[in-house]
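To start, the structure itself, in structure tokens.
Every read-out reported here was derived from the displayed coordinates using simple, explicitly stated rules and does not represent laboratory data. Just so it is clear, the model here is predicted, and its values are computed rather than measured. As a convention, Cβ positions derive from the backbone with ideal geometry for all residues, glycine included, and neighbour counts pool all protein chains shown.
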Amino acid sequence: MDLTSSKEPQLQVVTVQEPRIDASVALSFKDRMRDITEGERETVLLDLHHVQFIDSSGLGAIVAAMKALAPDRRLVLAGLTPTVDKVFRLTRMDSVFGVYDTVDGALAELRG
């Protein structure tokens, strides 16, 4: 699973560089997220603008990543493509995560 990470003031931005988060990569996604975010203190902004497809396993992997950060840190999402956004809305997971249209919009709002 190809994830990249960068630091912003008070934020860690993790970008998924893959078109899918599904059963075939869910475990590797969880492992990479844990490795990248372990020992950090910032809110994690997960940039999903490259992701065109997500299934229930992928959704579960993102929830697991959120739970691994709790209670001290939070996970927010940005850049959901229409298909991915639909999955989050249909499962009502958009009410569990902070969801932003774009990474820039999320950065502007989260920096305060």
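Arrange Met66, Met33 by Cβ neighbour counts within 10 Å, fewest through most, would you?
Least to most surrounded, the residues fall as Met66, Met33.
Could you derive backbone 3J(HN,Hα) for region 71-79 from the dihedral phi with the Karplus parameters 6.51, -1.76 and 1.60 (θ = phi - 60°), listing whole Hz in sequence and x where the residue is Gly or Pro?
Residue by residue, region 71-79 yields x, 7, 10, 10, 10, 10, 10, 8, x Hz.
Given the DSSP H assignment, sum -39500 (n - 2.57) over each helix run of at least 4 residues in the chain and divide by its residue total; what's the result at 222 nm in deg cm²/dmol, nearest 500?
Helix contribution divided over all residues of the chain: -12000 deg cm²/dmol.
Just Thr91, Thr15, Thr43 to compare: in a GNM of the chain, with alpha carbon springs under 10 Å, which one fluctuates most?
Answer for the Gaussian network model of the chain: Thr91.
Specify, per residue and in Å³, the volume enclosed by the convex hull of the alpha carbon atoms belonging to region 3-106.
Normalising the Cα hull of region 3-106 by residue number yields 85 Å³.
Only helices at least 15 Å long along their axis, Cα-based, and averaging 1.0 or more on Kyte-Doolittle count here, so list those DSSP H runs from the chain.
Qualifying helices: 56-69.
Need the full-extension length gain, Arg89 to Phe53, defined as separation in residues times 0.36 nm minus the C-alpha distance. One decimal, nm.
11.6 nm
Whole-Hz ³J(HN,Hα) for each residue in region 12-17, computed from phi via Karplus 6.51 cos²θ - 1.76 cosθ + 1.60 with θ = phi - 60°, x for glycine and proline: what do you get?
10, 9, 10, 10, 7, 9
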